């Protein structure tokens, strides 16, 4: 029997099998046929449970909760289908105890050959701002996460003045509140679409102009005192005219200002996966490839801007030419400083000394270790108990795998140590910092412990894990940790230690040698 192919608002749909993470069970996800498995996995994270996921049904829930206007509902659906905007995680779950928000994919507003569609961008911002303010009026009483608490202990008198100025109070007599958030993302791919490098003066000037346009549009109707000053330079064609028009509309005095809408940049999450984002927020793209090994769209756009095809770029790279220099953490910091002042809420300040995260880690996905990889194997003994420590490394030399194998312990101890090493490996491949493991397990105290033989990194270890993570700290963090205090061996012997001890001349009561007795029943 032939089944009709399903469409939603004229868009062809398909069904994929995806999971929220590699260890979760697969679920059927129905979404537009042009979307990839990353988007299906992101939907599996946004919509909890084990049932099949249908994007039209899931989207209709939050659309119906936000608006009853059919035209507005269709516009919200089209913004989602075009991957230009999607609501934040709480809105997908229809949780309105705090201000809702939307994430805008800046790269989706770049048209091939036409550049950045500033007017379409402003139209989308105005629509979303109106939806957020309408939702604030209709569902503001559900925001129990931000209820004001009265000052119960302040003395009251007949002549006491109210704590809130009349100018800071809306028509209902309550302090003004934030109607919602509008967050921008995929900035680097947007700059690549208009032929600009992330680490360039023109790239930073274009980013500041786009951020200013978003903030001016979101603050329109709130009064001129809430508006940021436009940047000095706007390098994108047509953007200066749009900025001027929006400024003239927003910089108008009003006696009844609208509720504020805060602008910012998104953080890593499943909403970025739904929108097909290459790098979240204002971060640069640190990889030229997609997870499936193909060139990222930003890479293709930058090659075209430089006059390269895929073949000529490969030939130039084989000849030793640097075709596309990748931006580093220093460029990320320069972009952060440039945008400060043009947006309401900036994300955490980037650390220039930190290692750049891969795209997979930004979406909470596992970064698999290559089948052929580097590392080292260390044979050592702690208190006479042998231990093999093996590591696996990524191409950049960072740790991605740990194996701990004690050779002469019981099957239970050996299994626990090997399982612990596998658990640490999974955490490292999901982006957990090695520093946290070192802080947690270095100097842990349990048997076997004692003198370390075979590795100069330590002379004494309080446990096998103490030695292992101190060795990893020196090898991969460049920090050599000193030996911990020796354990007091006057108590009962640890069951993992040898039962025979050398005689202690200071002990007046010598220990009795352990023995075995055969019992015949």
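Would you confirm, using the coordinates I've provided, whether residue 19 is farther than 23 Å from residue 263 by Cβ and assigned by TED's automatic domain parsing to the domain that holds residue 268? So residue 19 fits the description; yes. In this structure, residue 40 does satisfy being buried (at least 20 other Cβ atoms within 10 Å of the Cβ) and free of Cβ contacts under 8 Å to residues at least 40 places away in the same chain.
When the criteria are applied in full, residue 54 fails the requirement of being modelled with pLDDT under 90, more than 16 Å from residue 78 (Cα to Cα) and assigned by TED's automatic domain parsing to the domain that holds residue 277. Annotation: of all residues in the range 447-490 being at positive phi and exposed (fewer than 13 other Cβ atoms within 10 Å of the Cβ), the one that is nearest to the chain's Cα centre (by Cα) is 478. The one condition from (1) surrounded by fewer than 16 Cβ atoms within 10 Å (Cβ to Cβ); (2) assigned to a loop (DSSP other than H, G, I, E, B) that residue 83 does not meet is (1). Checked against (1) within 22 Å of the chain's Cα centre (by Cα); (2) outside any loop (DSSP other than H, G, I, E, B); (3) modelled with pLDDT of 80 or more, residue 414 passes all but a single condition, namely (1). Within the range 328-347, the set of residues being part of a loop (DSSP other than H, G, I, E, B), in contact (Cβ under 8 Å) with a residue 12 or more places away in the chain and closer than 30 Å to residue 261 by Cβ comprises 341, 342, 343, 344, 346, 347. Restricting 281, 293, 276 to those that are part of a loop (DSSP other than H, G, I, E, B) and exposed (fewer than 15 other Cβ atoms within 10 Å of the Cβ) reduces the list to 293. Would it be correct to say that residue 302 is farther than 28 Å from residue 101 by Cα and part of a loop (DSSP other than H, G, I, E, B)? Here the answer is no, as residue 302 does not meet what is asked.
On the basis of being more than 17 Å from residue 190 (Cα to Cα), surrounded by 16 or more Cβ atoms within 10 Å (Cβ to Cβ) and in contact with a helix residue (DSSP H, G or I) (Cβ under 6 Å, 6 or more places away or on another chain), does residue 235 make the cut? Spelling it out, it is not the case that residue 235 is more than 17 Å from residue 190 (Cα to Cα), surrounded by 16 or more Cβ atoms within 10 Å (Cβ to Cβ) and in contact with a helix residue (DSSP H, G or I) (Cβ under 6 Å, 6 or more places away or on another chain).
Say whether the condition of being under 24 Å from residue 129 (Cβ atoms), within 29 Å of the chain's Cα centre (by Cα), at pLDDT below 85 and in the same structural domain as residue 92 (by TED's automatic domain parsing) is met by at least one residue in the range 210-230. Taking every residue of the range 210-230 in turn, at least one turns out to be under 24 Å from residue 129 (Cβ atoms), within 29 Å of the chain's Cα centre (by Cα), at pLDDT below 85 and in the same structural domain as residue 92 (by TED's automatic domain parsing).
Quick one: would you say residue 424 is within 23 Å of the chain's Cα centre (by Cα) and assigned to a helix (DSSP H, G or I)? In short, yes.
Suppose the filter is in a helix (DSSP H, G or I), free of Cβ contacts under 8 Å to residues at least 40 places away in the same chain and within 20 Å of residue 367 (Cβ to Cβ); does residue 400 pass it? No; evaluated as a whole, the condition is false for this residue.
Here the condition is being part of a helix (DSSP H, G or I), within 26 Å of the chain's Cα centre (by Cα) and in contact (Cβ under 8 Å) with a residue 12 or more places away in the chain; of 102, 121, 96, it holds for 121 alone. Scanning the range 376-397 for residues being crowded, with 17+ Cβ neighbours inside 10 Å and outside any strand (DSSP E or B) gives a total of 2. Summed over the range 57-74, residues that are touching a residue at least 40 places away in the same chain (Cβ under 8 Å) and buried (at least 18 other Cβ atoms within 10 Å of the Cβ) total 2. The conditions of being assigned to a strand (DSSP E or B) and farther than 30 Å from residue 19 by Cβ are met by residue 262.
Checked against the criterion of being touching a residue at least 12 places away in the same chain (Cβ under 8 Å), part of a helix (DSSP H, G or I) and more than 23 Å from residue 77 (Cα to Cα), the candidates 242, 254, 217, 234 yield just one match: 242.
The values are calculated or read from the model by the stated rules, or taken from the named source; none is laboratory data. This is a predicted model, so every value here is computed, not measured. Every residue, glycine among them, receives a Cβ derived from its backbone with ideal geometry; neighbour counts consider all protein chains shown.
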